[in-house]
Amino acid sequence: MIAWSVLPEFLLDGVFLGSYYGLLALGVALIFGVLEIGDVAQGGLFTVGAYLAYSLAGESGFNYFIAPLLVIPLTAGLSLAFGLLIYRRLRRHGIAPTFLGAVSLLLIVQSIVAMGYGERAKTLSSPLSPTVLKLGTVSIYSHKLLVIFSAVLLALLVWYLLRKTRWGKAIRAISQNREVASLSGVNPLRTTGIAFALSGALAGFAGFITAPVYTITPFAGRLTVLKAFAISRIAMGSVPAVLGLSLLVGLAESLTSAYFLGELSNLIPFLLLIAVTLVHPGVLGPEERHSIRRAWGSFIRIESPIKARYLWVLAAGVLIIPVLVSLPSYFLHLGIVIGTTAIGVSSLDLLYGCAGLPSLAQGAFFGIGAYTSAVLTMNISNSVFLALAGGAAVAGMIGLLVGLIGIRTGRHWTSFTFISTIIFTISFINFEVFTGGPSGLSGVPHLSLGIPVTNRILLNPFLNKKAYYLLVVLVLFCLLGLKRLAVKSWFGRSIKAIREDEGLARSVGIPSGRYKVAVFGLSAAVAGIGGSLYAHYVTYLHPDLFNFVKSFRFLMMNRIGGLGNLIGPVLGSGFVRIIEEFTRPLSSYLGQVIFSGILILTLIYFPGGVVGFLKKLLGRFLPEKFVNTGEDMAVMESSRLEDMDE
């Protein structure tokens, strides 16, 4: 029975949630006005603010109301450093690399906090007394009223700064036309710096002021900043619109949680953003016109004296060696994990490397394949063919549907797929019938392989890792071969043409929209195969295994390994996984810090990744007859990109 008598309390709680989101959304909107990117790294500064509140007011006994004098300058300084040292460099190479840099910084900051404070949740008591207030028949935690009051006060301050000061006029001029603003005497560097500092101050204060309301964890700011990102984009950066929409989202979440399904309330801002985007794609910002920055290594071709067919045989022989020799089970485990990951990264390379469409949804399709395969084998048959085909088919069909929606957004693939994977993750948590919900899905059966003249072979990875390793290697090898054929076909040449110049591709009759949707569905199907193999290896699935961090890791491996080639995804997967294993004894989060940092350096200085670096190295030392540099083409491409960046 619905208890309407408590409706006022839920409405008041919705106002608190709206104030909570509004503090972060204001800062995110400021950064978007300067660089036109969603600075999700503000979620990391939110986490820093919360833990500083715990350290100062909780552990050290510092006065809670004086502590912001230490918290705000620190988070403002961190945000300023991110903006001037990292974002400004990445922004020269396009929207997508800058957004990836923001995600990297979010994971770096929160991982460092987890290393320093541990994963166990912290609590902080409110300094206010009494802790609960009675407003007529309504009771509310007094600290929530402090949050509401602070949010309103800071919103008025931000509005005043933007509307009534020279800096506000300067930032509005930059957001409309940076070049004209510069010619009018506006100092872009100083104006940008103030915007980053103010945004970081708002994020740190938001974490600080809400620390006594919620339990403090290293990753608490992730979902909050993602909601703030969605709100700031729908509101198009307007302070009144940000506040109004934050309030509406807070009220909607509170009422949905109270009277309908609690977890589904988290979907509200993201579904709303997708709906608005379909009508007005511009809410996601400028189009990603330069998805891939080409490096010199991209134009170097190593001419091998060995024919291609023999190289494939040689590669197959190398991959089978672990089965022929006696190796510890741990190395086979590492090979299986690298193999399943390489399948997911290779699926992404079809999109990013070949079609120029950066995607942060591959982890979700990987998860769809995993859950589909698990449900089919638990209810129908544990045949390896059913598992792989089912995972590929369902992931592929959903990928086609997502691609059809995504094509309506124009060239905003990074932001669109980022929002999509969040929706998938929240959906995984709520569809308990298929996914097990927050408890996860256990008891995923082992695969079996039926051969007509023999009994069925049970591929139990716990009892016989060699057999499962062979299965993973065989699937990976076949998929790489099919990818090579696809890239060399008319379809492959067409999507590469779309990557280089979509307008020119359309002018020669290539239906770019259809080809984008097709390659999106194909890449999702391949990711589903990798997810299927992963599910039957770990035998336990949880929604957290397939969140946006998983998608980001795939993209990180793809960029580090190298885009647009066969070996890059495999090298990237192996490189990241192996170094991660070496760092795990020190901390389970150290690897995330290292590789997020490596990704930022790769985006700025080494766009060709490991493959580009190796090709450049080989081009320097191999005889000239084995090296085709394509110097003229490289010079032309570099000049073209420099002109575009200017």
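The values are calculated or read from the model by the stated rules, or taken from the named source; none is laboratory data. Being a predicted model, the structure only gives us computed values, none of them experimental. In this analysis, Cβ positions are derived from the backbone assuming ideal geometry, glycine residues included, and neighbour counts consider all displayed protein chains.
Got a sec? Which helices (runs of 4 or more DSSP H) wholly within segment 299-380 have at least 3 residues that are polar (S, T, N, Q) and modelled with pLDDT of 90 or more? Write out each step before concluding.
On the way: elements: 308-324, 329-349, 362-379.
Passing ranges, in order: 329-349, 362-379.
Going by the structure shown, is ASP39 in a helix (DSSP H, G or I) and charged (D, E, K, R)? Quick ask: steps written out before the conclusion?
On the way: in a helix (DSSP H, G or I): no; charged (D, E, K, R): yes.
Judged against the criteria, ASP39 is not a match.
TRP167 passes all but one of (1) hydrophobic (A, V, I, L, M, F, W, C); (2) out of contact with any strand residue (DSSP E or B) (no Cβ under 8 Å at 6 or more places or on another chain); (3) crowded, with 18+ Cβ neighbours inside 10 Å; which number fails?
Among (1) hydrophobic (A, V, I, L, M, F, W, C); (2) out of contact with any strand residue (DSSP E or B) (no Cβ under 8 Å at 6 or more places or on another chain); (3) crowded, with 18+ Cβ neighbours inside 10 Å, the lone unmet condition for TRP167 is (3).
Just a yes or no: is a residue in segment 528-538 under 23 Å from ILE598 (Cβ atoms), among the aromatic types (Phe, Trp, Tyr) and surrounded by 24 or more Cβ atoms within 10 Å (Cβ to Cβ)?
Applying the first criterion (under 23 Å from ILE598 (Cβ atoms)) to segment 528-538 yields 530.
Applying the additional criterion that residues be among the aromatic types (Phe, Trp, Tyr) yields none.
No.
Residues being at pLDDT 85 or above and closer than 21 Å to PHE416 by Cα: count how many of those fall in segment 500-510.
Matching residues across segment 500-510 total 0.
Which members of segment 475-507 meet the condition of being surrounded by 17 or more Cβ atoms within 10 Å (Cβ to Cβ), out of contact with any helix residue (DSSP H, G or I) (no Cβ under 6 Å at 6 or more places or on another chain) and farther than 14 Å from LEU350 by Cβ?
VAL475
Look at LEU522 and say whether it is at pLDDT below 90, crowded, with 22+ Cβ neighbours inside 10 Å, closer than 14 Å to SER359 by Cβ and not β-branched (Val, Ile, Thr). Step through it out loud before you land on a result.
On the way: at pLDDT below 90: no; crowded, with 22+ Cβ neighbours inside 10 Å: yes; closer than 14 Å to SER359 by Cβ: yes; not β-branched (Val, Ile, Thr): yes.
Judged against the criteria, LEU522 is not a match.
In segment 41-82, what residues are under 30 Å from GLU179 (Cβ atoms) and surrounded by fewer than 24 Cβ atoms within 10 Å (Cβ to Cβ)?
ALA76, GLY77, LEU78, LEU80, ALA81
Note down all Cβ pairs under 8 Å where the first residue falls in segment 425-441 and is more than 20 Å from THR539 (Cβ to Cβ), the second is surrounded by fewer than 16 Cβ atoms within 10 Å (Cβ to Cβ) and of a type in the set (A, V, I, L, M, F, W, C), and they're at least six residues apart or on different chains.
Taking only residues 6 or more apart or on different chains, the pairs are ASN430/LEU261.
Kindly list the number of the only condition in (1) of a type in the set (Asp, Glu); (2) touching a helix residue (DSSP H, G or I) at 6+ places or on another chain (Cβ under 8 Å); (3) assigned to a helix (DSSP H, G or I) that fails for GLU9.
Going through the list (1) of a type in the set (Asp, Glu); (2) touching a helix residue (DSSP H, G or I) at 6+ places or on another chain (Cβ under 8 Å); (3) assigned to a helix (DSSP H, G or I), GLU9 breaks only (2).
So which residues in segment 508-519 are of a type outside the set (Lys, Arg), at negative phi and surrounded by fewer than 21 Cβ atoms within 10 Å (Cβ to Cβ), if there are any at all? Let's see the steps before the verdict.
Of the residues in segment 508-519, the ones of a type outside the set (Lys, Arg) are 508-513, 515, 517-519.
Pick out the ones that are also at negative phi and you get 508, 510-513, 515, 517-519.
Within segment 508-519, VAL508, ILE510, PRO511, SER512, GLY513, TYR515, VAL517, ALA518 qualify.
What are the residues in segment 412-424 that are in contact with a helix residue (DSSP H, G or I) (Cβ under 6 Å, 6 or more places away or on another chain) and not small (Gly, Ala, Ser), if any?
Of everything in segment 412-424, those that are in contact with a helix residue (DSSP H, G or I) (Cβ under 6 Å, 6 or more places away or on another chain) and not small (Gly, Ala, Ser) turn out to be HIS412, THR414, PHE416, ILE419, THR421, ILE422, ILE423, PHE424.
From the list GLY136, GLY101, GLY116, exactly one residue is surrounded by fewer than 14 Cβ atoms within 10 Å (Cβ to Cβ), modelled with pLDDT of 90 or more and not β-branched (Val, Ile, Thr). Which is it?
On the way: GLY136 fails: modelled with pLDDT of 90 or more; GLY101 fails: surrounded by fewer than 14 Cβ atoms within 10 Å (Cβ to Cβ).
Residue meeting the stated conditions: GLY116.
Could you name every one of the helices (runs of 4 or more DSSP H) located completely within segment 432-526 that has at least 2 residues being hydroxyl-bearing (Ser, Thr, Tyr)? Reasoning before the result, please.
Numbers: elements: 432-435, 465-488, 490-500, 502-507.
Passing ranges, in order: 465-488.
Just to be sure before I move on: is ILE579 touching a Ser or Thr at 6+ places or on another chain (Cβ under 8 Å) and either under 28 Å from MET115 (Cα atoms) or at pLDDT 90 or above (or both) in the structure I sent?
Working: touching a Ser or Thr at 6+ places or on another chain (Cβ under 8 Å): no; either under 28 Å from MET115 (Cα atoms) or at pLDDT 90 or above (or both): yes.
Taking the combined requirement at face value, the residue does not satisfy it.
Just wondering, is there one or more residues in segment 247-267 that are part of a loop (DSSP other than H, G, I, E, B) and within 28 Å of TYR160 (Cβ to Cβ)?
Our first condition is that a residue be part of a loop (DSSP other than H, G, I, E, B); within segment 247-267, this holds for 260-262.
Narrowing further to those that are within 28 Å of TYR160 (Cβ to Cβ): none.
No: zero hits.
In this structure, does TYR64 turn out to be of a type in the set (Ser, Thr, Tyr) and farther than 19 Å from PHE196 by Cβ? Give the steps one after another, and end with the answer.
Working: of a type in the set (Ser, Thr, Tyr): yes; farther than 19 Å from PHE196 by Cβ: yes.
It is true that TYR64 is of a type in the set (Ser, Thr, Tyr) and farther than 19 Å from PHE196 by Cβ.
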